[in-house]
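The values are calculated or read from the model by the stated rules, or taken from the named source; none is laboratory data. In this text the structure is predicted, and so the values were computed from the model without any measurement. Because the Cβ atoms are built from the backbone with ideal geometry, glycine has one as well, and the counts that use them run over all protein chains shown.
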Amino acid sequence: MAEPLIRIEGLVKRFGPFTALDGVDIDIYRGEVHALLGDNGAGKSTLIKILSGVHQPTAGRILIEGKEVHFRSPRDATAAGIGTVYQDLALNPLMSVTRNFFLGRELYRGPPAFGLLDMKTMDAITREEMRKIGIDIADPSQAVGTLSGGQRQTLAIARAIHFGAKVLILDEPTSALGQKQQMEVLKTIVRVRRRGDVAIVLITHNEVHAKLVADRFTFLALGQVIGRGTRSDLEHEDIRDLMAGGRPIGDLARELAAA
Amino acid sequence: MAAQPSLSVPRREADRLAAGGRLATLARRPEVGAFVVMVVVVVAIAVASNGQAFNALGLKNNLSIIAQFGIIAIGATLLMIAREYDLSIGSMIGFAGMSMAMMLKWGLPFGLGPATPASAFFLTLAMTLALGWLIGTIVVRSGLSSFIVTLSFLFFLRGLTEVCFREINGSTQISGLPDFKETSTFAYIFGGETFGWFYDLWFLLGGNVNRAGNQWVTGFDARVAWWIVVALLAWLVLSRTQVGNWIYATGDNREAARANGVPVDKVRIGLFMVSALCATIFAACQVFETNTADAAKGNLKELEAIAIAVVGGTLMTGGYGSILGVVFGAVTFGLVANAVFFIPAIDGSYYRVFVGVVLLAAVFLNERVRKRITGGL
């Protein structure tokens, strides 16, 4: 097996007396979709916040391409090639697709800040990058507010990749979307995976979506890894049981009956 | 849906807006409402005044008021696009006018000797920019609404202006300053005339003649040129530069802008300083043109500036607006404010009646435009 792009070793995070992550190990490989599953409070959010530089771990190590890294801010994580696409996507609905794509990293001629924008090149790049992962925007000057939820997700992903993300962290990208748009996002994920050079960490509640696109799975419960494996390893296991915190679905049915 | 797209090309989400031609695209622009209102007002006033509002002198007087409104409305618009308000504009005008006139009459502070128009202007500008910076910094650091912070500066600066006038000058107005625009090029740039060639040409073509048969009006007030310069710069920055992108983003989704590395706080502080700059230009034009100052100058101008910004298509909620629309809005407001001089039969207070009605209509229209721009999704 190739060397993992990111190796997480014994990651611990405590908030005061509360232990959010309790010694988590995860390997993430290039060109793969790694699904991170777990119930609310399992520690998924804490884990991605550490990976994207929002929180610092209490103990444990993060290695990127074999080298240990310490992120003090989200900027450090971005510079190291970790692109996080949050649920709110960090988009401006009234601004155009191109202006959103290049926000804060505009191409311009002349002095910084007051230099003239090179809209033509930016429009072309935006269109091309969006097309590569499957959406052909007819008019990149249209407002982001006119895009569907799935298209916005694609825009945020294309932006992260264009600005150098080697690892794409997608936080619940299919929640709050309709069926058709969920498919759009899954297609986008598959296209990014096909590039081969980007690793995707997919955080989700939805085991059906994870089964559809993921190569590797990690299940978290109460801050610990309770199961892991590749797609073939898990073929016969009931992912749903692991999602529920390791308890068979039958137990849950009994619990409900007793309620 | 009446028209079905051809079956060979599957209909996509992104194409939902593409339907409709050039006219539909034009109707989606934020300045459409302001343009229509302006045309209606121009025609109505031209007819009601028997064309007097647009003869040589009428045009000069109207554009003088329009330019005044236009200059401060642009400062207010840029701020509003970044989702901030400046209620201190009017008091800042009074303060700047007082400061300049007082220096010209009593000399520079700290015994620095007599003031020239340039030294009075730049010293005043340094103070107003510092005040703009202070307002911006308080807003950014405290996280308070700019509405309340600038409201306090509205009272503070107006009071300070009156106190300074009484303490130093003995009365709340200064009149009869030397006519600096005759002796100083610097004063002429603010208080003199501009676009003289326009009226020369008009005279050559047979118009612009007074009763004695000579050329009647010689040029527009200098503030018209300032208005054009300020509007062009604002348009250029807003639509064509990196800072323009940041101003929109600051008003649209501030946290998203921050997450993408936009210096949101610097943008906001800078815009409060631009607003103070606009108020200072307004005051300088007034002082150097009339050679007077008054503690009441600029009263209520902040609210008119905000009203013009809204009528020009700027969204109260930020993130969207157009300089061109605000230019149309300033023309509308200026003409209506001045209408009483050309149509003596009407009561001047109808101006405020008009403002109230147009403002309310504009807010509703803007909301519709916003929905249309975002496809109503």
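Within the range A:100-109, if we keep just the residues that are charged (D, E, K, R) and within 19 Å of residue A:157 (Cα to Cα), the residue that is nearest to the other protein chains (Cβ to nearest Cβ) turns out to be A:106. A count restricted to the range A:105-119 and to residues that are over 32 Å from the mean Cα position of the chain (by Cα) and not in a loop (DSSP other than H, G, I, E, B) stands at 2. Residue count for the range A:201-217 under the criterion of being at pLDDT 85 or above and in contact with a Gly (Cβ under 9 Å, 6 or more places away or on another chain): the result is 4.
Considering only residues that are more than 9 Å from chain B (Cβ to nearest Cβ) and touching a Phe, Trp or Tyr at 6+ places or on another chain (Cβ under 8 Å), look in the range A:115-129 and name the one that is farthest from residue A:158 (Cα to Cα).
Quick first cut of the range A:115-129, residues more than 9 Å from chain B (Cβ to nearest Cβ) only: A:118, A:120-129.
Adding the requirement that they be touching a Phe, Trp or Tyr at 6+ places or on another chain (Cβ under 8 Å) leaves A:118, A:122, A:125-126, A:129.
Working: A:118: 19, A:122: 13, A:125: 10, A:126: 8, A:129: 6 Å.
Across the range A:115-129, the extreme among qualifying residues is A:118.
Would you confirm whether any residue within the range B:275-294 is touching a strand residue (DSSP E or B) at 6+ places or on another chain (Cβ under 9 Å), more than 10 Å from every other protein chain (Cβ to nearest Cβ) and either within 26 Å of residue A:74 (Cβ to Cβ) or of a type in the set (D, E, K, R) (or both)? Within the range B:275-294 (the criterion being touching a strand residue (DSSP E or B) at 6+ places or on another chain (Cβ under 9 Å), more than 10 Å from every other protein chain (Cβ to nearest Cβ) and either within 26 Å of residue A:74 (Cβ to Cβ) or of a type in the set (D, E, K, R) (or both)), the answer is yes, since at least one residue qualifies.
Filtering the range B:303-329 to residues that are more than 14 Å from chain A (Cβ to nearest Cβ) and β-branched (Val, Ile, Thr) leaves B:306, B:308, B:310, B:311, B:323, B:326, B:327.
On the stretch given as the range A:1-19, residues that are over 19 Å from residue A:200 (Cβ atoms) and surrounded by fewer than 21 Cβ atoms within 10 Å (Cβ to Cβ) total 9. The lone criterion from (1) over 21 Å from the mean Cα position of the chain (by Cα); (2) buried (at least 17 other Cβ atoms within 10 Å of the Cβ) left unmet by residue B:167 is number (2). Right, residue B:361: small (Gly, Ala, Ser), surrounded by 15 or more Cβ atoms within 10 Å (Cβ to Cβ) and in a helix (DSSP H, G or I) or not? Considered against the rule, which asks whether it is small (Gly, Ala, Ser), surrounded by 15 or more Cβ atoms within 10 Å (Cβ to Cβ) and in a helix (DSSP H, G or I), residue B:361 comes out as no.
Whenever a residue of the range A:138-149 is more than 7 Å from chain B (Cβ to nearest Cβ), its partners that are part of a loop (DSSP other than H, G, I, E, B), lying with C-beta atoms within less than 6 angstrom and at least six residues away or across chains, give the pairs A:144/A:91; A:144/A:93; A:149/A:177. As for the range A:182-196, it holds no residue that is within 18 Å of residue B:256 (Cβ to Cβ) and more than 12 Å from chain B (Cβ to nearest Cβ). When each of A:50, A:64 is tested for being crowded, with 22+ Cβ neighbours inside 10 Å, more than 13 Å from chain B (Cβ to nearest Cβ), at pLDDT 90 or above and within 30 Å of residue A:11 (Cα to Cα), the lone residue that passes is A:50. Those strands (runs of 3 or more DSSP E) of the range A:18-102 in which at least 2 residues are farther than 25 Å from residue A:151 by Cβ, considering only elements entirely within it, cover A:18-28, A:33-38, A:59-64. Taken over the range A:160-199, the residue count meeting the criterion of being touching a residue at least 60 places away in the same chain (Cβ under 8 Å) and part of a loop (DSSP other than H, G, I, E, B) is 11.
Is it the case that residue B:81 is surrounded by 20 or more Cβ atoms within 10 Å (Cβ to Cβ), at pLDDT 95 or above and farther than 30 Å from residue B:196 by Cβ? Judged against the criteria, residue B:81 is a match. Highlighted here are the helices (runs of 4 or more DSSP H) found entirely within the range B:171-265 that include at least 3 residues which are more than 14 Å from chain A (Cβ to nearest Cβ) and out of contact with any Ser or Thr (no Cβ under 8 Å at 6 or more places or on another chain): B:180-183, B:185-191, B:196-204, B:222-240.
Here are some residues: B:238, B:232. Which one is in contact (Cβ under 8 Å) with a residue 40 or more places away in the chain and among the hydrophobic types (A, V, I, L, M, F, W, C)? Working first, answer last.
Details: B:232 fails: in contact (Cβ under 8 Å) with a residue 40 or more places away in the chain.
The unique qualifying residue is B:238.
Within the range B:157-168, residues that are touching a residue at least 40 places away in the same chain (Cβ under 8 Å) reach partners that are part of a helix (DSSP H, G or I) and surrounded by fewer than 20 Cβ atoms within 10 Å (Cβ to Cβ) with beta carbons closer than 8 Å, at six or more positions or on different chains, in the pairs B:168/B:106. For residue A:162, the conditions (1) over 19 Å from residue B:252 (Cβ atoms); (2) surrounded by fewer than 22 Cβ atoms within 10 Å (Cβ to Cβ); (3) within 12 Å of chain B (Cβ to nearest Cβ) all hold with the exception of (3).
Okay, residues lined up against (1) in a helix (DSSP H, G or I); (2) surrounded by 13 or more Cβ atoms within 10 Å (Cβ to Cβ); (3) in contact with an Asp or Glu (Cβ under 9 Å, 6 or more places away or on another chain):
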position: B:110; (1), (2), (3): yes, no, no
position: B:113; (1), (2), (3): no, no, no
position: B:119; (1), (2), (3): yes, yes, no
position: B:123; (1), (2), (3): yes, yes, no
position: B:127; (1), (2), (3): yes, yes, no
position: B:133; (1), (2), (3): yes, yes, no
position: B:138; (1), (2), (3): yes, yes, no
position: B:141; (1), (2), (3): yes, no, yes
position: B:149; (1), (2), (3): yes, yes, no
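Contact annotation: residue pairs with Cβ atoms under 6 Å, 6 or more positions apart or on different chains, pairing a residue in the range A:74-92 that is closer than 10 Å to residue A:153 by Cα and facing another protein chain (nearest Cβ under 9 Å) with a partner that is of a type in the set (Asp, Glu) and not in a loop (DSSP other than H, G, I, E, B), are A:86/A:171.
Note on the range B:318-355: among residues that are more than 20 Å from residue B:59 (Cβ to Cβ), in a helix (DSSP H, G or I) and within 17 Å of the chain's Cα centre (by Cα), the one that is modelled with the lowest pLDDT is B:355.
Residues that are hydroxyl-bearing (Ser, Thr, Tyr), in a loop (DSSP other than H, G, I, E, B) and in contact (Cβ under 8 Å) with a residue 24 or more places away in the chain do not occur anywhere in the range B:278-288. Of all residues in the range B:251-277, those being more than 21 Å from the chain's Cα centre (by Cα), touching a residue at least 12 places away in the same chain (Cβ under 8 Å) and crowded, with 24+ Cβ neighbours inside 10 Å number 3. Given the structure, is residue A:112 within 13 Å of another protein chain (Cβ to nearest Cβ) and surrounded by fewer than 17 Cβ atoms within 10 Å (Cβ to Cβ)? In short, yes.
I need a count of the residues in the range B:99-125 that are closer than 12 Å to residue B:280 by Cβ and either in contact with a helix residue (DSSP H, G or I) (Cβ under 6 Å, 6 or more places away or on another chain) or at pLDDT below 95 (or both).
We begin by selecting, within the range B:99-125, every residue closer than 12 Å to residue B:280 by Cβ; these are B:99-100, B:120-125.
Then keep just the ones that are either in contact with a helix residue (DSSP H, G or I) (Cβ under 6 Å, 6 or more places away or on another chain) or at pLDDT below 95 (or both); that gives B:99-100, B:120-121, B:124-125.
Within the range B:99-125, residues that are closer than 12 Å to residue B:280 by Cβ and either in contact with a helix residue (DSSP H, G or I) (Cβ under 6 Å, 6 or more places away or on another chain) or at pLDDT below 95 (or both) number 6.
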